Amino acid sequence: MTLPLTGTRILSLEQYGAGPYGTMFLAQLGAEVIKLEPPKGGDSSRATGPYFLGEDDSLFYQTFNLNKRSLTLDLKAPEGQDILHRLVRTAHAVTNNARGDQPAKLGLDYAALAKTNPAIVCVHASAYGRDNPRATWPGYDYLMQAEAGFLSVTGDPGGEPTRFGLSMVDFMTGTMLATATLAGLHEAQRTGKGRDYDVSLLDAALHQTSYPAFWYLNQGHVTGRAPRNAHPSITPSQTFRTADGWVFIMAQLPKFWAKLADLLGAPEMKTDPRFATTPARLENRDELTRLLDAILMTKPTAHWVETLGGHVPVAPVHDLAQALDSPWFAANGMVTPIPHPQRPDMRGLANPIRLDQQRLPNRPAPALGADTEALLTEIGIPDIESLRAKGVV
C-alpha cells in the first residue's frame, strides 16, 4: 500500500495520551514519526500498568505508539540541542504535548527552530495553552471534562457528577494535533514557511460542548442530564429495556418514528395525540418510555436489532468485552493482529481511516531508543558511545 504521508518526517516530544494518540494517526498514514524520549525510562506510558511487555514496554504504551521510531535524547544538554537542530534540518514538523511553559524552554517552538529550518511546522498540545497564567499548570483529561461541564450532562438525573468512561478529551485533542500538523504541512509546502500551531486540552473539551453551547450562549438554555441517556430534545432517542438487556434506538426523524411504531406492531401510536408530533413525544417522554419498554421487553436485544436494523437507527448496548468480541468488528478488520516480539499473539485496533477500502498497516511501537544509533549515524554524529556515557542519548 502506498501511504499518503510517506516521506514526511515528524519529530515529537510526547508522552502518555493526547500527543502520542495524534501522531500515531500520522504514523499510520505513512509519516516517519520519531519519538524524542528521555534516555532514562522514556515515555512515561512505558511504565503504565497493569500489563507489561518486558522492560520499558506495556500494553498501554503500545496503544498510542504503533508505527513509530524511538530516539533517546536529553534536550536540556547542549549536545542534545545540537542533535535536535540537525534532525530539524531533515524534518517537516515538530510536535509536543509538554506543559505550556516547556516548549520555549526546550527550544521546540518556531522562534527557536526557524533559523535551522524556516519551513518547520511546530505543533503544541498543552493542558491550558502557552500564553496565559495557566501555562505552568499540569493537567489531565478528567480535569478538562470537569471544568468544561461534561460531568453535568453525563449520567442519570440526580446522580453524582459523572465523567466519560474513556479519555475522550485526550483523543479529541490528539486528533486536533494531527489536523493542525497536516494543515501546517500543507501551508509550509505552499509557502516555504512554517509557524506555531497550538491546541489545549481545555479548549478542545469546551469545543466539544457544541450545540448545547450554542443553545446556552444564544438562548440561555442549560442542557442537563436526561433519563435513559436520552437526546436532550428528541424522543424516542435513548436506551430501552429488552428481555435480556438493553437496546439504543434513535428515531431522530419523523419517518423513523413512524417506521418504529409499525415494526413494533403498534401503528396506533403514530396518531396518538401524546406521540403524534416531536414536541408531544418530548412532553410525554416518560409515558412513551414505559409503553416502548413493555413491547421491547418481550424479545431479546438481538431480535430487535435484526428487526429494526436498516430501517430505524438501532444498536445493541454492549459492555466493552461484547464490543471487542463482536463478529462485526472481527469481520471488518477493526480488531487486528499486531505481533509483538514479547507477545506474538498481541491484538489491537486498526486505524479507522481506510485507503481504497483497505485498513492501514500496523507494526508494534518501538523499543526505547531502538532507532537512536541509526538516526544519529544518518545525521553524521560520530561518537555515539560518548553521548551515551554522558546520558545525552
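The values are calculated or read from the model by the stated rules, or taken from the named source; none is laboratory data. None of these values were measured; they are calculated from a predicted model. Note: ideal-geometry Cβ built from the backbone for every residue, glycine included; neighbour counts use all protein chains shown.
Test Asp356 against the stated conditions and say whether it is out of contact with any Gly (no Cβ under 6 Å at 6 or more places or on another chain) and not assigned by the TED database to the domain that holds Leu53.
Yes, satisfied.
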- prompt: For Gly107, all conditions in the list (1) surrounded by fewer than 19 Cβ atoms within 10 Å (Cβ to Cβ); (2) within 21 Å of Asp203 (Cα to Cα) hold save one; what is the number of the exception?
  reply: (2)
- prompt: What about Arg130, is it surrounded by fewer than 23 Cβ atoms within 10 Å (Cβ to Cβ) and within 23 Å of Leu201 (Cα to Cα)?
  reply: yes
field: Within region 174-206, considering residues that are in contact with a Phe, Trp or Tyr (Cβ under 8 Å, 6 or more places away or on another chain) and of a type in the set (Ser, Thr, Tyr), the one surrounded by the fewest Cβ atoms within 10 Å (Cβ to Cβ)
entry: Thr175
- prompt: For residues in region 314-336 being of a type in the set (Gly, Ala, Ser) and part of a loop (DSSP other than H, G, I, E, B), which is nearest to Ile353 (Cα to Cα)?
  reply: Gly333
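Residue by residue, here is whether (1) surrounded by fewer than 12 Cβ atoms within 10 Å (Cβ to Cβ); (2) under 18 Å from Phe64 (Cβ atoms); (3) not assigned by the TED database to the domain that holds Ala261 holds:
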| position | (1), (2), (3) |
| --- | --- |
| Val312 | no, no, no |
| Leu349 | no, yes, yes |
| Pro352 | yes, yes, yes |
| Ala367 | no, yes, yes |
| Gly380 | yes, no, yes |
field: Residue among Asp198, Asp262, Asp244 that alone is in the same structural domain as Tyr110 (by the TED database) and acidic (Asp, Glu)
entry: Asp198
task: Having 2 or more residues that are touching a Leu at 6+ places or on another chain (Cβ under 7 Å) and more than 23 Å from Ala188 (Cβ to Cβ) is the bar; report the strands (runs of 3 or more DSSP E) wholly within region 37-142 that clear it.
output: 69-72
statement: Across (1) in a helix (DSSP H, G or I); (2) free of Cβ contacts under 8 Å to residues at least 24 places away in the same chain; (3) touching a helix residue (DSSP H, G or I) at 6+ places or on another chain (Cβ under 9 Å), Leu292 clears everything bar (2)
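Matching residues to (1) in a loop (DSSP other than H, G, I, E, B); (2) surrounded by fewer than 13 Cβ atoms within 10 Å (Cβ to Cβ):
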site: Tyr216; (1), (2): no, no
site: Thr223; (1), (2): yes, no
site: Thr235; (1), (2): yes, no
site: Thr239; (1), (2): no, no
site: Ile249; (1), (2): no, no
site: Ala261; (1), (2): no, no
site: Gly265; (1), (2): yes, yes
site: Ala276; (1), (2): yes, no
site: Ala280; (1), (2): no, no
